[in-house]
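Presented below is the structure to which this report refers.
The values are calculated or read from the model by the stated rules, or taken from the named source; none is laboratory data. Computed from a predicted model, the values in this text were never measured in an experiment. A quick note on method: Cβ atoms are made from the backbone with ideal geometry, for glycine too, and the neighbour counts reach across all protein chains shown.
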Amino acid sequence: MNFLFASDSFKGSLSSAQTALLLEKAAKEVFPDCHCKSLPVADGGEGTLAAVISACSGHLLSCKVHDPLGRPITAVYGAVSHNAAIIEMSAASGLTLIPEHLRNPALTTSYGTGELILDAVKHGFRDISVAIGGSATNDGGIGCLKALGIRFLDRNGQELSGTGSDLMQIAKIDAQNLYPELKQTHFQILCDVRSPLCGEHGATKVYGPQKGATPAIIAELENGMCHYRDLLKELFAVDPDLLPGAGAAGGLGCALQLFLNGTIVSGIEQVLKLISFEQYLSGIDLVITGEGRADAQSCNGKVMQGIGNFCMKKNIPVIALAGSIADGAEMLYANGITSIMTTVDAPMTTEEAIRDAENLYYKAAIRMFRMLQCGMLLTSDL
């Protein structure tokens, strides 16, 4: 038997690499003569940079940037090849960089993400993938753009700092000093969120509360975002709300598309492309994938769906090992997943499952491989 292990991380408990080690240990116990290959994967969110760099034998570059509150930090991005780089927005502008009691998207900026992009361009990279999950910001991307040379001015001609609260103050956008090499750079925006910039399903009202916004702050930011949208509509003769993923990452999805001519791509599909996933499937009998939870959202550009669909085209079966299973998980069956199993083996809290994640995952992997062994015995008797 030839297995390929390609699971997403289990947030807060197991990394993609850890799941691979546990799967190989369990597989060898049930099938001593099996051959195992592993590949870290991610969907454009947490862990994307590490997964891509590991699979591509790339390397990390460090850069002095500013975090969402403007504090100096060192962040990293990845060199995939001599021409291609990958950036995780969360490395410079992520929510986890801010203590919970300081989270306020009216005061945060995506400036650090712009600094990462600028550093990559200055290093000669002209094919840049930007994973925009996990942001702490709701600034419409103006912080990022400010770092790249675009000036946002108030009615007195003063340059704004680039935070969420600045959106309402923008009177003029001056793009004359945009760093020239950006125009020769191709940007892919790894994003599976399709929310508009404004409105009930937009950046502020859907994601603002997760970033620390109170109802009053949400109202302020929504007004500012609508004002910003109207300015962009006039500047580009395009309705930003009609752009796919415009509201992602607090509006950065919109900014990268309009100002840098970026292209929204599926996170998992771009990751599978960057890591040359297809070449790992040669001679493989079964793929094992998974993530922390299997539910209806798993079919919205997540790892299990992406790997299932890819393998389905190659007629390779896929089993998903998930931390939990909820309503809607069955939709994965139409996306190339043959079976779904859960690591949880008794009633327990989420905290208990996270605390004992390694042991639960290993025991579940043993059960899965033994079930596979049973199926093989039944087939041989037919």
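Of note:
- Residue, farthest from Glu181 (Cα to Cα), within segment 136-155, restricted to residues that are in a helix (DSSP H, G or I) and aliphatic (A, V, I, L, M): Ile142
- Criterion: at pLDDT 95 or above and either within 22 Å of the chain's Cα centre (by Cα) or among the basic types (Lys, Arg) (or both) - qualifying residue of Arg229, Arg293: Arg229
- Residue in segment 62-70 that is under 24 Å from Glu115 (Cα atoms), modelled with pLDDT under 95 and touching a helix residue (DSSP H, G or I) at 6+ places or on another chain (Cβ under 6 Å) present: no
- Members of segment 199-224 that are out of contact with any Asp or Glu (no Cβ under 7 Å at 6 or more places or on another chain), part of a helix (DSSP H, G or I) and farther than 19 Å from Gln169 by Cα: Val206, Tyr207, Pro209, Gln210, Lys211, Pro215
- Among all residues of segment 23-36, there is none that is surrounded by 22 or more Cβ atoms within 10 Å (Cβ to Cβ), in contact (Cβ under 8 Å) with a residue 12 or more places away in the chain and of a type outside the set (A, V, I, L, M, F, W, C).
- Cβ pairs under 8 Å, 6+ apart, first in segment 365-382 and over 13 Å from Pro317 (Cβ atoms), second at pLDDT 95 or above and not aliphatic (A, V, I, L, M): Ala365/Lys25; Ile366/Glu29; Phe369/Glu29; Phe369/Phe31; Gln373/Phe31
- Number of positions in segment 162-181 that are assigned to a helix (DSSP H, G or I) and either at pLDDT below 95 or surrounded by fewer than 19 Cβ atoms within 10 Å (Cβ to Cβ) (or both): 4
- In segment 334-382, residue surrounded by the fewest Cβ atoms within 10 Å (Cβ to Cβ) [restricted to those that are part of a loop (DSSP other than H, G, I, E, B) and in contact with a helix residue (DSSP H, G or I) (Cβ under 7 Å, 6 or more places away or on another chain)]: Asp345
- Flag if Ile117 is at pLDDT 95 or above, within 13 Å of Gly212 (Cβ to Cβ), under 20 Å from the mean Cα position of the chain (by Cα) and not basic (Lys, Arg): no
- All positions within segment 254-263 that are in contact with a strand residue (DSSP E or B) (Cβ under 6 Å, 6 or more places away or on another chain) and buried (at least 22 other Cβ atoms within 10 Å of the Cβ): Leu256, Leu260, Gly262
- Residues that are surrounded by fewer than 21 Cβ atoms within 10 Å (Cβ to Cβ) and on the phi < 0 side of the Ramachandran plot, drawn from segment 2-19: Asn2, Lys11, Ser13, Ser15, Ala17, Gln18
- Residue list for segment 1-21, filter: of a type in the set (A, V, I, L, M, F, W, C) and in contact (Cβ under 8 Å) with a residue 24 or more places away in the chain: Met1, Phe3, Leu4, Phe5, Ala6, Phe10, Leu14, Ala17
- Checking Ile218 against (1) touching a helix residue (DSSP H, G or I) at 6+ places or on another chain (Cβ under 7 Å); (2) among the β-branched types (Val, Ile, Thr); (3) within 13 Å of Asn138 (Cα to Cα); (4) touching a residue at least 40 places away in the same chain (Cβ under 8 Å), the condition it does not meet: (4)
- The single residue among Leu232, Leu221, Leu197, Leu190 that is more than 30 Å from Ala84 (Cα to Cα), in the same structural domain as Ile132 (by TED's automatic domain parsing) and either buried (at least 17 other Cβ atoms within 10 Å of the Cβ) or charged (D, E, K, R) (or both) turns out to be Leu221.
- Every residue from segment 182-194 that is within 19 Å of Glu46 (Cβ to Cβ) and assigned to a loop (DSSP other than H, G, I, E, B): Cys191, Asp192, Val193
- Per-region count, segment 330-356, residues modelled with pLDDT under 95 and small (Gly, Ala, Ser): 2
- Here Gly290 passes the criteria (1) touching a helix residue (DSSP H, G or I) at 6+ places or on another chain (Cβ under 8 Å); (2) farther than 23 Å from Leu190 by Cα except the one numbered (2).
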